[in-house]
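First comes the structure, then the notes that go with it.
The values are calculated or read from the model by the stated rules, or taken from the named source; none is laboratory data. Bear in mind the structure is a predicted one, so any value in this text is a computation, not a measurement. So basically every Cβ, Gly included, is an ideal-geometry build from the backbone, and we count neighbours across all protein chains shown. Side chains are part of the model used for accessible areas, which takes the heavy atoms of the whole protein and leaves out ligands, DNA and RNA. Shrake-Rupley method; radii C 1.70, N 1.55, O 1.52, S 1.80 Å.
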Amino acid sequence: MGLVELTTLENLLTLRGAAAQFFFSPGIQGNQLYGVEPRIRTMRTSDGTFVATDALSLQMLSLYSNLENLMKLDEKIGIKNLNTWPRSVAVNARLVDARGQQRDNALYSGQIDAFLFVPYTKSDLPLSMNAGVIGHEHFHSFFYKLVLKPLGGVFSQASNADAHPDHELADFAANIDRFKTDRGQSMSEREMYHVTLLRGMNEGLADIWGYLYSGDTSFVSRSLRSEKARDLEQQGEAIPTSTQWAERIRMYSRVGESLGESYALGSAYAKVLRVAVRGAMGREGQSQGLRIQDQARIEIAQALIRSLVKLEEKIKSLKDDENLKPSSILEILSHEIPALGDEGCALIREKVESGTDVCGTPAVRTPEAR
């Protein structure tokens, strides 16, 4: 990674600055994180450079650096004010579900507007040092604030941490003021259809945002080897029709049970989009963070944000007996992404259901793509 300059840091010991405020093993009070601030360990070299002296300190310094870069990137895109800065970040979060304490995960919770990093136990790149993963989680805050929160009700359950079943963020001292989300409530078939569909859109676009920020098509599997199927170099599957999606999720009665379907759909969105925008992006970036701020990527990011606004409007305009088409988000994006080109439009058209308006031309889905 080389030497990294942090330009917004105000307190090196606690890593408090304009980009982030950290909480170690925190609890929840009044829909906000609370608890002790961490203390990192560094040594100063003869040239004045500060170097982390333990693994946790190195991970947190890297996490702050990425959030600082994302804040500056948001400013260039024109969306910095969508979030409140500094961002709240829980490290060593004790997140508990029915299977026990969570490990090896990073999440964003819309209800408390915070990032949650649970203990990482694997030997690969820690999630807190993975630029693509951090960018992915950062995008979830945009999707929550521009789509899920305005829709309200059960739609907010398509958020990241909030969609996992029966989670609690344990209090760091007395196990009080726990944050709980009930996933046992009954939903209509139509509500389940849309909650799981929006979760897939959220995950897929977040993967693209992580890629735009990091320039890495394999960022997920660098930390979680079991997730190689999410690598964006792979061929994307066809996007299901409304009927096909309804059939897939009809067997589920709770959001938590259907997460696998949403992740698979999200991966399909991300792979299709990554190939489609490749021509618009020009050369592929090889480095991370702000070095990838070429104008094409900024314009694609702006198009993603505009598409979220239009997605929320489209959902609100649905009739009571009407379902959102899974291909709707690609339809919207095809009209918003600049310089998509004939090739990019054709690639999207091949993956969506017939009649979808891609770049102004209806798609005709071939039997092989079904």
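Overview of results
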read-out: Every residue from the range 75-93 that is open to solvent by less than 60 Å² (accessible area, probe 1.4 Å) and either assigned to a strand (DSSP E or B) or of a type in the set (D, E, K, R) (or both); value: Arg87, Ser88, Val89, Ala90, Val91
read-out: Residue among Arg230, Arg250 that alone is modelled with pLDDT under 95 and surrounded by fewer than 18 Cβ atoms within 10 Å (Cβ to Cβ); value: Arg250
read-out: Selection status of Leu308, open to solvent by less than 10 Å² (accessible area, probe 1.4 Å), more than 19 Å from the chain's Cα centre (by Cα) and at pLDDT 95 or above; value: no
read-out: Qualifying residue in the range 283-303 (condition: open to solvent by less than 10 Å² (accessible area, probe 1.4 Å), modelled with pLDDT of 95 or more, out of contact with any Lys or Arg (no Cβ under 8 Å at 6 or more places or on another chain) and closer than 17 Å to Val195 by Cα); value: no
read-out: Asn66 of a type in the set (S, T, N, Q) and either more than 22 Å from Tyr144 (Cα to Cα) or in contact (Cβ under 8 Å) with a residue 12 or more places away in the chain (or both); value: yes
read-out: Residue in the range 1-21 that is closer than 24 Å to Trp209 by Cα, at pLDDT below 90, open to solvent by 70 Å² or more (accessible area, probe 1.4 Å) and in contact with a Ser or Thr (Cβ under 9 Å, 6 or more places away or on another chain) present; value: yes
